[in-house]
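Here the structure is laid out as structure tokens; the discussion comes afterwards.
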Amino acid sequence: MKSAKWLLALLVAASAPALAAPDSCERVKEDIAQKIISNGVPESGFTLDIVPNDQADKAGSQVVGHCANDTFKILYTRTSDAQ
């Protein structure tokens, strides 16, 4: 019975980072957006998208970050509103 409790505790601890991944990605995305804006690009002039690694080769976009233990990429796309 003791080993079952330890196993359960280990599984819960191991799954915690995976459950926190979306929050982590949003935080990284917001940090990157702030850096882009502080470099003079208007907020309406770009988009940032969080995509799985296998979808990171979107035409017209470039990878500007990664998150969730490198399982997601953050893509930067300049929009037509950019100056």
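The ranking of Thr79, Thr47 by Cβ neighbour count inside 10 Å, starting from the fewest, reads Thr79, Thr47. For Lys73, the aspartates and glutamates whose Cα comes closer than 18 Å to its Cα, not counting residues fewer than 8 places off in the same chain, are Asp23, Glu26, Glu30, Asp31, Asp49, Asp54, Asp57.
Each value in this text was obtained by applying a stated rule to the coordinates, not by laboratory testing. On a predicted model such as this, the values are computed, not experimentally measured, just so you know. So basically every Cβ, Gly included, is an ideal-geometry build from the backbone, and we count neighbours across all protein chains shown.
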